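Enquirer: Sharing a structure, written as structure tokens. Questions coming.
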Amino acid sequence: MQSTATTSTTRPTSPSNASRRRTSVADYNSSFDDLPLRDDEPPHRRASAFLEIGLGGDDPIVDAKLKKESRPRLSVRFRSKVEVVEPESIDDYPISRSSPVPQRDMPFFFPTLPRLLFLVLVIVLLAPSLHTSPLLQVDANPVPPPTDRVARTLPQPQKRADTSTNVCKRWSQQSALVNGTLYLYSGRSTTSADQTANTWNSDFLTVDLTKSWQISSPSLTGLPVPSGPPAVSLGYLWNSYDSLYLYGGEFSDNPVTSPVPFSTWSYDIASSSWSESKDPQTVEGVHSDGGNNPVQRAAEGAGVSVPSLGRGFYFGGHLDGYTTDGWSQSIPRVYLRGLLEYTFPGYGNSAVNNGAVAGSEGTYRNITEGGIQDSSGFPERADGILVYIPGYGKAGIILGLAGGTNASFTQMNVIDVYDIDSSTWYKQATTGPTPEIRVNPCAVALSAADGSSTQVYMYGGQNLIPAGEQKQYDDVWILTIPSFTWIEVDTSKQSSPPARAGHTCNVWNSQMVVVGGYVGQDLSCDSPGIYIFNTSSLTWQNSYAALQTDDKLNRQESQKNDASALQGSFGYAVPKAVQEVIGGNAVGAATVTAPAQPASTGPLATGGPITYTVTGADGSVATETSTPGGGTSGGGQSSGGKNVGAIVAGVLAGSFAILAIYLGFCAWVYRRQLQIYKNHNAMAQNQALAGDSRYIGAGFVGGGKLSNQEKSQTSDSRNSADNRSGNGSNISATGRANALHSNNPYRNVPGGAGTATAASSTDDLMAGQEPSFLGVMLNPRRSLRVVNRD
């Protein structure tokens, strides 16, 4: 379905055919015409250590001057890396004495050392005064210009015009927020109420969110109109911490404009320059296609940037004749359900290329096989939204909301959840009243100060049913995470902006900045079309208020050391309407810490939010909490109020304290009971030695042995001691009473006969068994009665 053709051209290189002229001795100096040479030998070439490049052959090189007088042979040798040559005397050449060679005097203009020194001195003396000469002035012109010739000017490079900030309506643009500057690129706009064509543009603007302003006059600046990136709408503008990356979008349909082959256009913020990466290809990775496929331009998809990971995502969308080069307008559009991932240049991604750092063109991965993405319950869709939520997995999760196709729309009672680390999709049911189906809304996410909850704010959108009667919305909804409960914001008593769809939302200083949007035909103009919603007080404002913070990423004060924390959450307080659903207070402390509809699998079943500690106004600091998967949070700062970690720690500490107290109590009871046991043994031995009849019994008088009947009765009396009445009336068959009955500390307990719940310690004492610490621990009540009785 998707294919691109890549062509390459090679510029032929033309070889240079330069010829160099060689000069003979006779041509080089005419003074040698009178020098007769020997007929029997060829002209002798004198070798030189300083040959010019391009000279060659057998042409001799001779000196330019020759003297008449013969000179003796020189003995000086010239040495170089090329060769060592001994110069020959001019006497080697036979010269006729009858034809003298006239001697040439040195010309006057030939430089000598004194002349050179004099010239340097003149220049040094006169140079400082030259700048005052009228001939060297900028406007000096001693030669008047001809009057009959038209003056020519060199062509100057044309400066690109700045984007106009004055529009009637603006919608379907791409936006990105970096370090307090909101960038807006392309989209559609009109300059008058009756304009219906030529709405696509290449506008490039910024909104300054580091300063306060009124919505009637926002801090809007037009940048030079780019000449490279195409004019598209309904694409996405990914962003890292220092660059923007344009993906997707559709071309004009009035007038019809044919799409160009897709390229990744990046904007370097520091240098204010655009660059193009042509013909990008996908790479093979986890749950992706086979790689090496051309990246196609989709439109009306849902995008999100995660700068802390160095990645951008684009979900769904469609392909048709206004997005794809070579696609016939007679072929219906095709809706998508894949997730396109772009790893920014200079960032690594463990899911592709074994985690290698992406090159200057970045890396694309088309995720098509992630979990339920393969099932029929995961339909194609366009015009939805993506929201990034930190925590719950090693790299966080992404929520897919709203959207649909020409035939069906996505209900929001079940949310699609993408686990970034495992590249897998899951589904999560929601509770509470559900928003109506819609396409083209916008959404932002903000984190409570302690991280115990994250709120997703969704605004606007439109319903395309019935066809031809689309309806725009002006409602605001909150999806609180991890409860996954929908909460409708009551704005009925507020002055709300007109209902809209196809707008963009970004958040900074906990204020949602809404730009543009399609407002239907009833409203003639919507200018300047920028609105502010306070996410803490849940109210629309007439102005934007810049808060003071030293964090360029505008995170919560407690989270500013955590790169994964949500940007734009600075100053955010959990609204009362949310607290009533999930508990806690303005800084967090949510008591609902899991989905109201339990998750059976995935990161919501096994993970949790990243929580932080918040320093209170009184300086108190709560215990640092843990991140999902174990370990402490790198951004653990401070939290007011309780959280899961603090509750668990408190419960454990209390349990250990109670156990220690119980063990100490049992040890005290055991020592008292052991002392009673020892005293009893000593008393029994003394009575036996003294012949105490109370203990020996009548049957033992005379030293006789017990009969079998007596043994049985004695045993029965002992074994059933705790089952007899405490009135002391039980007498054995031999007329012998139980000598210990009246002194038994385990008897006559409150409640009367039969109140003992276990074997009495009386049996242990009569059997000679010593009390044990384990017995005291298992039944401390019985042991305590022994001690109290004593």
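Enquirer: Which of the following residues is at pLDDT 95 or above, over 20 Å from the mean Cα position of the chain (by Cα), more than 30 Å from Ala546 (Cβ to Cβ) and in a loop (DSSP other than H, G, I, E, B): Pro230, Pro218?
Expert: Matching residue, one of Pro230, Pro218: Pro230.
Enquirer: Restrict the check to region 513-526 and report whether at least one residue is assigned to a strand (DSSP E or B) and polar (S, T, N, Q).
Expert: So far as region 513-526 goes, no, none of its residues is assigned to a strand (DSSP E or B) and polar (S, T, N, Q).
Enquirer: Please go through (1) of a type in the set (S, T, N, Q); (2) surrounded by fewer than 23 Cβ atoms within 10 Å (Cβ to Cβ); (3) in contact (Cβ under 8 Å) with a residue 60 or more places away in the chain for Thr434 and return the number of the only condition it doesn't satisfy.
Expert: Of (1) of a type in the set (S, T, N, Q); (2) surrounded by fewer than 23 Cβ atoms within 10 Å (Cβ to Cβ); (3) in contact (Cβ under 8 Å) with a residue 60 or more places away in the chain, only one is false for Thr434: (3).
Results for (1) surrounded by fewer than 21 Cβ atoms within 10 Å (Cβ to Cβ); (2) among the hydrophobic types (A, V, I, L, M, F, W, C), shown as yes or no for each residue.
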position	(1), (2)
Glu361	yes, no
Asn366	no, no
Gly377	yes, no
Glu380	yes, no
Leu386	no, yes
Gly391	no, no
Ile397	no, yes
Leu401	no, yes
Thr424	no, no
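Enquirer: Quick test of your reading of the structure: Ser626 fulfils all but one of (1) of a type in the set (Ser, Thr, Tyr); (2) at pLDDT 55 or above; (3) surrounded by 13 or more Cβ atoms within 10 Å (Cβ to Cβ). Name the failing condition by number.
Expert: (2)
Enquirer: When you check Ala467 against the structure, is it modelled with pLDDT under 95 and of a type in the set (Gly, Ala, Ser), yes or no?
Expert: yes
Enquirer: Another one. How many residues does region 186-224 contain that are closer than 20 Å to Met512 by Cβ and of a type outside the set (Val, Ile, Thr)?
Expert: Count: 13.
Enquirer: Next question. Please work out if Asp268 is closer than 28 Å to Arg365 by Cα, among the acidic types (Asp, Glu), in contact with an Asp or Glu (Cβ under 9 Å, 6 or more places away or on another chain) and surrounded by fewer than 22 Cβ atoms within 10 Å (Cβ to Cβ).
Expert: yes
Enquirer: Filter region 507-526 down to residues that are of a type in the set (Phe, Trp, Tyr) and under 19 Å from Gly571 (Cα atoms), then give me how many there are.
Expert: 1
Enquirer: In addition: Out of curiosity, is Ser510 under 20 Å from the mean Cα position of the chain (by Cα) and of a type in the set (Ser, Thr, Tyr)?
Expert: yes
Enquirer: Among the candidates Asn406, Asn349, single out the residue that is within 15 Å of the chain's Cα centre (by Cα) and among the polar types (S, T, N, Q).
Expert: Sole residue among the options that is within 15 Å of the chain's Cα centre (by Cα) and among the polar types (S, T, N, Q): Asn349.
Enquirer: Has region 460-483 got any residue that is touching a helix residue (DSSP H, G or I) at 6+ places or on another chain (Cβ under 8 Å), hydrophobic (A, V, I, L, M, F, W, C) and not assigned by TED's automatic domain parsing to the domain that holds Tyr183?
Expert: Scanning region 460-483 turns up at least one residue that is touching a helix residue (DSSP H, G or I) at 6+ places or on another chain (Cβ under 8 Å), hydrophobic (A, V, I, L, M, F, W, C) and not assigned by TED's automatic domain parsing to the domain that holds Tyr183.
Enquirer: Just to verify a result, which residue in region 582-620, among those that are outside any loop (DSSP other than H, G, I, E, B) and surrounded by 19 or more Cβ atoms within 10 Å (Cβ to Cβ), is farthest from the chain's Cα centre (by Cα)?
Expert: My answer is Ile582.
Enquirer: Within region 160-169, is there a residue that is surrounded by 20 or more Cβ atoms within 10 Å (Cβ to Cβ), in the same structural domain as Gly316 (by TED's automatic domain parsing), at pLDDT 95 or above and of a type outside the set (Ser, Thr, Tyr)?
Expert: Scanning region 160-169, I find no residue that is surrounded by 20 or more Cβ atoms within 10 Å (Cβ to Cβ), in the same structural domain as Gly316 (by TED's automatic domain parsing), at pLDDT 95 or above and of a type outside the set (Ser, Thr, Tyr), so the answer is no.
Enquirer: Among the residues of region 484-497, is there at least one that is outside the structural domain of Gly235 (by TED's automatic domain parsing), assigned to a strand (DSSP E or B), out of contact with any Ser or Thr (no Cβ under 8 Å at 6 or more places or on another chain) and free of Cβ contacts under 8 Å to residues at least 60 places away in the same chain?
Expert: Yes, because at least one residue in region 484-497 is outside the structural domain of Gly235 (by TED's automatic domain parsing), assigned to a strand (DSSP E or B), out of contact with any Ser or Thr (no Cβ under 8 Å at 6 or more places or on another chain) and free of Cβ contacts under 8 Å to residues at least 60 places away in the same chain.
Enquirer: Kindly list, by first and then second residue, each pair from a residue in region 401-416 that is touching a residue at least 24 places away in the same chain (Cβ under 8 Å) to a residue that is of a type in the set (Lys, Arg) and part of a loop (DSSP other than H, G, I, E, B), limited to pairs with Cβ atoms under 8 Å and residues at least 6 apart or on different chains.
Expert: Listed pairs, sorted by first residue: Ala402/Arg438; Gly403/Arg381; Gly404/Arg381; Thr405/Arg381; Phe409/Arg438; Thr410/Arg381.
Enquirer: If you don't mind, there's one more thing I want to ask. Condition test on Leu566, is it crowded, with 20+ Cβ neighbours inside 10 Å, aliphatic (A, V, I, L, M), in contact with a Lys or Arg (Cβ under 9 Å, 6 or more places away or on another chain) and not assigned by TED's automatic domain parsing to the domain that holds Gly180?
Expert: Criteria met by Leu566.
The values are calculated or read from the model by the stated rules, or taken from the named source; none is laboratory data. Model, not experiment: these values are computed from the prediction. All Cβ positions, even for glycine, are placed from backbone atoms using ideal geometry, and neighbour counts span all protein chains on display.
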